[in-house]
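*Asks:* Got a structure here, written out as structure tokens. Questions coming.
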Amino acid sequence: MLDNLRLVADARRALLDEGVSPFGTVVEKVISATEGILDGRRTILAGTNNYLGLTFDPACIEAACAALRTQGTGTTGSRMANGTFETHTALERELAAFFGRRDAIVFSTGYLANLGMLSALTGRDDVILIDADCHASIYDGCRLGSAEVIRFRHNNVEDLDIRLKRLGERSTRALIVVEGVYSMLGDRAPLLAIADLKQRYGAYLLVDEAHSFGVLGAHGRGLAEEAGVEAEVDFVVGTFSKSLGTIGGFSASNHPELESVRYASRPYLFTASPSPAIVASARAALTVLQARPELRKRLWDNAHHLYGRLRELGFSLGPEPNPIVAVMMKSPEEGLAAWRALLKQGVYVNLIVPPAAPNGGCLLRCSVGAAHTSEQIAHIAGAFASLSAASPY
Ligand SMILES: Cc1ncc(COP(=O)(O)O)c(C=O)c1O
């Protein structure tokens, strides 16, 4: 009893001294979508997932305020028991229409969407093939269900092919699970090749577009849209906590069985539904996402700007330009020192250490959004430049 937590405390003490902690850093005051007061200092937020910068969008705020006033602060019930208001079903219709799917289902978070979908879609005789770098919610969704789980090497189509071949006829009971953009390194799944394998082996495909919804594709529908393989994707999963700037999760699909997920999915059944204000801001954000494609352009300009500058400075980065810019560190100690030096210069990024960092590495995860100004991006790059001058990373 409690041994596990003592081990966690020991590991934390080994890395952290008395200085500011990178884990659970408190934003003492929120100033805007891109700035806050941290450790008493005005700081650029360069680690959020606020890709379209919508957390302070006037339309989203107004929609949330109006819903608060007319529908109250919460539903106090699950989607199954008094927690489905007309606004939840309207959001589901809007998501289904946006993704061009028959139906959509809204969960309370993206984490719960993965838990709810993976555990309900598959049974004892099925197999889930997941990319090794998948998010914790995908791993946890597998654990909640009863299917056999097989990991394949990150973004390695040959490895996936071998594993599907080994399944023989069972491949038609296999669900391949990948992410559009991986949350730590910002790299994309090779979705065209994966969709081809899925078709050849008669398997199913679920794509978690958490970091690509609103970011990729001509209409912002994600990597599947960008890669032209939406027809091969059986289930889209996503979250409202990134591009939509609020909280909640969803899945959209053409399979009529999606409706039964509502009755079979414990993470849908046994938790309170999103509050009306949350749903209202998600709906407003989905409208803004479609009405203002220039936000996506601005996001990508910022992404290219930061990635290009950090590469010029000689940092070792994730494999491709993306709003998530991962800067590799040699060790957690070096990462912590760099993280603190950046904070002193008014730049907050995420310090990622094992097991969250892939391959046992350590990285500073920066992310940019449409709301960052060119001056802010230049300031972030300048802070990294002074790091590289002090110590060649
Ligand atoms: C790939 C992926 N899926 C799901 C989630 C969970 O989303 P939420 O924050 O809505 O729970 C995240 C969150 O970071 C994620 O990166």
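The values are calculated or read from the model by the stated rules, or taken from the named source; none is laboratory data. Since this is a predicted model, take the numbers as computed values, not measurements. So basically every Cβ, Gly included, is an ideal-geometry build from the backbone, and we count neighbours across all protein chains shown. What goes into the accessible areas is simple: the full protein's heavy atoms, side chains included, and nothing from ligands, DNA or RNA. Shrake-Rupley method; radii C 1.70, N 1.55, O 1.52, S 1.80 Å.
*Asks:* Of all DSSP beta bridges in region 205-299, what percent run antiparallel (nearest 5)?
*Replies:* Around 60 percent of the beta bridges assigned by DSSP in region 205-299 are antiparallel ones.
*Asks:* Further question on the same structure: Helix-only mean residue ellipticity at 222 nm, the chain, DSSP H runs n ≥ 4 weighted -39,500 (n - 2.57), per residue, nearest 500. What is it?
*Replies:* Value at 222 nm, helices only: -13000 deg cm²/dmol.
*Asks:* Tell me the accessible surface of MET117 in square angstrom (1.4 angstrom probe, heavy atoms of protein chains only), to the nearest ten.
*Replies:* Counting only protein heavy atoms, MET117 exposes about 0 Å² to solvent.
*Asks:* Shape of region 92-211 from its Cα gyration tensor (a ≥ b ≥ c, root eigenvalues): rounded if a/c is under 1.5, otherwise prolate when a/b > b/c, or oblate?
*Replies:* Rounded, because the longest to shortest axis ratio a/c is under 1.5.
*Asks:* Could you order TYR204, TYR139, TYR263, TYR268 by accessible surface area, starting with the largest, using a probe radius of 1.4 Å?
*Replies:* Of TYR204, TYR139, TYR263, TYR268, the descending order of accessible area is TYR263, TYR204, TYR139, TYR268.
*Asks:* Given N residues in the chain, what is Rg(Cα) / (2.2 N^0.38 Å)?
*Replies:* It is 0.99.
*Asks:* Considering only protein heavy atoms, with the full assembly of protein chains and a 1.4 angstrom probe, order TRP300, TRP339 by accessible area, largest first.
*Replies:* TRP300, TRP339
*Asks:* Now, a different point. Determine, from the Cβ-Cβ distance of PHE270 and ALA66 and an R0 of 30 Å, the FRET efficiency 1/(1 + (r/R0)^6), rounded to the nearest 0.05.
*Replies:* Calculated transfer efficiency: 0.50.
*Asks:* Give the shape of region 136-188 as rounded, prolate or oblate, defined through the alpha-carbon gyration tensor: a ≥ b ≥ c are the square roots of its eigenvalues, a/c under 1.5 means rounded, and otherwise the shape is prolate if a/b is larger than b/c and oblate if not.
*Replies:* oblate
*Asks:* Now a separate question. Can you run the Rg to Rh ratio on region 233-344? Use alpha carbon positions and the Kirkwood inverse-distance Rh.
*Replies:* My calculation of the ratio gives 1.10.
*Asks:* Please list ARG124, ARG41 in order of solvent-accessible area, largest first, computed with a 1.4 Å probe with all protein chains present.
*Replies:* Result, largest first: ARG124, ARG41.
*Asks:* Among the DSSP beta bridges whose two residues both lie in the chain, what percent are antiparallel, rounded to the nearest 5?
*Replies:* Given both bridge residues lie in the chain, the antiparallel proportion sits at roughly 60 percent.
*Asks:* Sort region 55-110 into rounded, prolate or oblate with this rule: let a ≥ b ≥ c be the square roots of the eigenvalues of the Cα gyration tensor; rounded if a/c is under 1.5, and if a/c is not under 1.5, prolate when a/b is larger than b/c, oblate otherwise.
*Replies:* oblate
*Asks:* Something else about it: Just name one of ALA385, VAL325, ALA210: the one whose Cα is farthest towards the positive end of the charge dipole of the chain (beta-carbon charges, Lys/Arg +1, Asp/Glu -1).
*Replies:* Most positive-ward Cα: ALA385.
*Asks:* When all protein chains stay in place, what accessible area (Å², nearest 10, 1.4 Å probe) is found for VAL279?
*Replies:* VAL279 exposes around 0 Å² with every protein chain in place.
*Asks:* Can you give the extra length, in nm with one decimal, that the chain gains between GLU312 and ARG41 once fully stretched, where that is 0.36 nm per residue apart less the Cα-Cα distance?
*Replies:* This chain segment gains 94.7 nm when fully extended.
*Asks:* Out of the total accessible area of the chain (probe 1.4 Å, heavy atoms of protein only), what percent is carbon and sulfur?
*Replies:* 55 percent
*Asks:* For a quick check: with amide H placed at 1.01 Å from N, whose amide H comes under 5 Å from GLY53's, ignoring anything fewer than 5 positions away on the same chain?
*Replies:* ALA370, ALA371
*Asks:* What does the charge add up to near ILE138, with Lys and Arg as +1, Asp and Glu as -1, over the other residues with Cβ less than 13 Å from its Cβ?
*Replies:* -4
*Asks:* Moving on to the next point. Among 362-368, 61-67, how do they line up by average Cβ neighbours within 10 Å per residue, starting with the highest?
*Replies:* In decreasing order of mean packing, 362-368, 61-67 become 362-368, 61-67.
*Asks:* To continue, here is another question. Report the FRET efficiency, 1/(1 + (r/R0)^6), for ASN359 and ARG124, where r is their Cβ-Cβ distance and R0 is 51 Å, rounded to 0.05.
*Replies:* Efficiency at R0 = 51 Å is approximately 0.95.
*Asks:* How large is the Kirkwood hydrodynamic radius of region 29-129, counting all unique pairs of alpha carbons, in Å?
*Replies:* The Cα-based Kirkwood calculation yields 17.2 Å.
*Asks:* In Å², and per residue, what accessible area does the chain have when probed at 1.4 Å with the other protein chains present?
*Replies:* 43 Å²
*Asks:* Considering the dipole of region 1-118 built from charges on the beta carbon (Lys and Arg +1, Asp and Glu -1) around the Cα centre, which of ILE37, MET117, LEU15 is farthest to its positive end?
*Replies:* MET117
*Asks:* ³J(HN,Hα) across region 272-288 via Karplus (A = 6.51, B = -1.76, C = 1.60, θ = phi - 60°), whole Hz, x for Gly/Pro?
*Replies:* 5, 6, x, 5, x, 5, 4, 5, 5, 6, 5, 5, 5, 5, 5, 5, 5
*Asks:* About the Cα centre, and with charges only on the beta carbon of Lys, Arg (+1) and Asp, Glu (-1), how big is the dipole of the chain? Nearest 20 debye, please.
*Replies:* So the magnitude is around 360 debye.
*Asks:* Using the Cα centre of region 1-116 as the reference point, and only Cβ charges (+1 on K/R, -1 on D/E), how large is the resulting charge dipole? Debye, rounded to the nearest 20.
*Replies:* Result for region 1-116 is approximately 160 debye, rounded to the nearest 20.
*Asks:* Along the charge dipole of region 31-101, pointing to its positive end and built from +1/-1 on Cβ of Lys, Arg, Asp and Glu, which listed residue (ALA46, CYS65, GLY83) has its Cα farthest out?
*Replies:* GLY83
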